Structure formats: structure tokens, C-alpha cells
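The block underneath contains the structure these notes are about, expressed in C-alpha cells.
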Amino acid sequence: MSRAIVFNGDETWEMRELPVPDPKPGGAIMRVEATGLCHSDIDHFRGHVHTSYGGAFPSIAGHEIVGRIEKITAEAREEWGVEEGDRVAVRDIVIMPDGYRIYGHDFSVDEGSGLHGGFAEHLELLPGSMVYRLREDAPADELTVFEPLSCAVTWVEPISPGDTVVIEGPGHMGMATIVAARAAGASKIIVTGTTKDQFRLDCARKIGADDTIDVETEDPVARVAEITGGAMADVVLDAAAGNPITVNLAMHLVRKGGHVVIAGMKDKPLDGFHSDWIPTRRITIHPGAGLDTKGAVDLINQGKVPTSALLGESFPLEQFEQAFSLLTRQTPGRDTVRVALRLA
Ligand SMILES: [Zn+2]
């Protein structure tokens, strides 16, 4: 049997035990070691899923999944190039006959084995999955950072070696973006946040940011001008979620002819945006939208990712409530850059 956290879609959850099946032809069974938590899990908890499939309930959430192949079919072994016992990162997308779906969002617990999310001790990998071998010499909870990093490695594509980069938003995506930006050749990295983000801004410096700015106590435009000798940023990456105001700020932090990447979800429209900024200052806007799991796993396996600094805090399955409280920033006096669940 496999213990699982099941979200009902109405801000309630329950622990269930589900039988572990044999793999389907072309599939495998994975023993989950750890799964990272992210903002989309909070939305899922509240009944909102942003995938194109649209989600399914009740369901096992969790899509930042690291584990070991426990049982694999000959077809999957051939296709994925992994063996029983291998530690792998799971790409969240699975190609199905009727389109694609996302583990941890788009499978009801009542469909098939139900084991298609990361907040469970086992994951049934369906044919059409993609998995990538991960290093053995780091704890699994640290390695779950492969998933936010998979996005971040695509967001940094406009960066050229030697660039000065501003990253708005010191959440777990912002932290992964620091690492990706450095790997892409950024020579100076500045991270912005609010006064409530003090702990996270301190972490950003440990992870590799050269400077941090609290936009509530300092003028971010003046500070970036000072740090860059008036040149401003070559690339601004907006990784802040929940408030569109950072988009306008990005337009003021970037240099003429520079690049702005819009990534963090704002959940509402933006006031005060002046589109003349784009032609008069020749700003190129890019979507922060890609996913490159292999690129992220390669960086981790090459030792270019400070996985322990990026981990934040991790909890065993029994402490899901505490993990979720910290994720939603509802634990008084305590903050973290990231939360992961340990399942083995
Ligand atoms: Zn995620």
C-alpha cells in the first residue's frame, strides 16, 4: 500500500492508502523519495488548476517529483534508458493518446491506480512519461529543485555572458533563477523583494545574488542606477507572483535596448502600464514560459546548483499540515524559500 495526501478541491485534504499496481506496458512504478511544493499546489488545494487539461479532483497533488524506479517494463527501460534502482527526476508532462496531462494536477485519485501525484509514497509512471537520471550523492529533497530550475533555465535565455541582471521576487522561482542566470553567464545579479521578504533576500545573497533591494525601504530605480553606474540592467526577470506592479518596475530597471522576461503569475490585470516604453526604449518583452527538465538536471548533475541552500525546509509525510502552512506563509515568525516533502 502507498500512503497519499489527497486534495478534494475545496480546501480540504485527507490521507489515504492506495494499493500499488504493477506497471502498465510501457510504464513503471516509482518509489517517491521527495516532492517539492509550489504555488500551483496552493491553487490546486483551492480547486483551481491552470493546466490546459484543467485538473481533476479528488487528486494527489505534487509535480516536483524525485524517486527511484522500483519496477519497470522492458519497453520503458528501452525508451527511457533507466533501470530498476535508478534515481530519477520526473518531467511533469505525460503524453497521453488524447493529448498531454500533468502529474499532480490532471489525474483523479479514482482513475486507474490513482497514484499520479508526488504527495504519495509511489508514483505510477504511465507510458509517455519522461524521466532523467539524477545524482546519488545529494539528499532527494534537495534535488526536487530540478523542477523550478527546469523553468528558470528557459527564462534566462535572453541573458548574454557579462550581463547585469535584475530578478524581481525572491520566492523559490526567483532563487532558481539566480542559479540559472549565473550558469547563463550573468556577471552581476540583483534581487528585489519587499520588507516581508527579508529572510528570502538574505537567502538570495547566499545562493549567489550580488546585491538585494527592499523596494519598500529603498528606491529600486535609484539603487540599480547606483550599482550599475547608471547603465541599468541588461535583462530584468520578473519572477514575482501575485501583484502586477513589478511589470512596471521592470520597465524602469531595464536599460534602453534591454530585455524583460515576464514569468510570475499576477492573477490580475495591470494598471499604469505605458506601452510607449516598449518602442521609445526599444525594450524586448519575453514570455517566461518554457520547461527544460534535461537542462536543469544536467546543471544539478554537473554540480552547478547549490541544492542545499535552495532546499528551504523539508518535512516527512506525517507533517504535511506544517509543510503546507509554511508554504502558504501562515506559520507565525517563520519563513522559508522553499518547502519539500520527504516520502522515503
Ligand atoms: Zn512547481
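Where a number appears in this text, it was derived from the coordinates with a stated rule and is not lab data. Every value quoted in this text rests on a predicted model; they were computed, and no experiment measured them. As a convention, Cβ positions derive from the backbone with ideal geometry for all residues, glycine included, and neighbour counts pool all protein chains shown.
Worth pointing out:
- Rh by Kirkwood over Cα pairs, then Stokes-Einstein D for the stretch 39-167 at 1.002 mPa s and 20 °C, µm²/s: 134 µm²/s
- Ranked packing of 206-214, 69-77, most packed first, by mean Cβ within 10 Å: 206-214, 69-77
- MRE, 222 nm, helices only [DSSP H, n ≥ 4, -39500 (n - 2.57), over the chain, to nearest 500]: -7000 deg cm²/dmol
- For the set Lys196/Lys266; Lys71/Lys304; Lys188/Lys304; Lys188/Lys256, the pairs lying more than 26 angstrom apart at their alpha carbons are Lys71/Lys304.
- Exposure proxy ranking for Ile178, Ile95, based on other Cβ atoms within 10 angstrom of each Cβ and starting from the fewest, stands as Ile95, Ile178.
- Under the span-like rule (Cα at least 15 Å along the axis, Kyte-Doolittle mean at least -0.5), DSSP H helices of the chain: 172-183
- Based on the Kirkwood approach, the hydrodynamic radius assigned to the stretch 1-97 is 14.8 Å, with every pair of different Cα atoms included.
- Exposure proxy order (Cβ contacts within 10 Å, fewest to most) of Val82, Val261: Val82, Val261
- The calculated FRET efficiency for the pair Asp276 and Glu84, based on their C-beta separation and a Förster distance of 51 Å, comes to about 0.30.
- Estimated D of the stretch 116-168 in µm² per second, where Rh is the Kirkwood radius over Cα pairs and Stokes-Einstein applies at 20 °C, 1.002 mPa s: 148 µm²/s
- Taking the C-alpha atoms of the chain, convex hull volume expressed per residue in Å³: 132 Å³
- For the pair the stretch 52-92 and the stretch 296-311, the centres of their Cα atoms are 20 angstrom apart.
- Peptides 162-170, 225-233 ranked from most to least packed give 162-170, 225-233, packing being the mean of other C-beta atoms within 10 angstrom over each peptide's residues.
- Cα gyration tensor shape of the stretch 148-287, rounded if a/c is under 1.5, else prolate or oblate by comparing a/b with b/c: rounded
- Here the simple spin-label model places points 7 Å from the Cα toward Cβ, and for Asp335 and Ala74 these points are separated by 5.6 nm.
- One chain, two ends: Glu14 and Glu321. Fully extended at 0.36 nm per residue, the span grows by 109.5 nm beyond their Cα-Cα distance.
- Hypothetical label at Gln198: residues of the stretch 307-344 whose amide nitrogen lies under 17 Å (7 Å Cα-Cβ projection): 331-337
- The orientation-averaged projected area of the convex hull spanned by the Cα atoms of the stretch 17-69 comes to 4.8 nm².
- ³J(HN,Hα), Karplus 6.51/-1.76/1.60, whole Hz, each residue of the stretch 271-286, x for Gly, Pro: 9, x, 7, 10, 5, 4, 4, 5, x, 5, 10, 6, 8, 9, 9, 10
- Normalised by residue number, the volume inside the convex hull of the Cα atoms of the stretch 116-224 is 141 Å³ per residue.
- Averaging Cα coordinates gives a centre for the stretch 138-153 and one for the stretch 1-28; these two points are 23 Å apart.
- Remark: the stretch 180-260 is approximated by an ellipsoid whose semi-axes, taken from the C-alpha gyration tensor as √(5λ), come to 18, 16, 13 Å, largest first.
- The aspartates and glutamates whose alpha-carbon is closer than 16 Å to the alpha-carbon of Lys268, local same-chain residues fewer than 8 away aside, are Asp43, Asp238.
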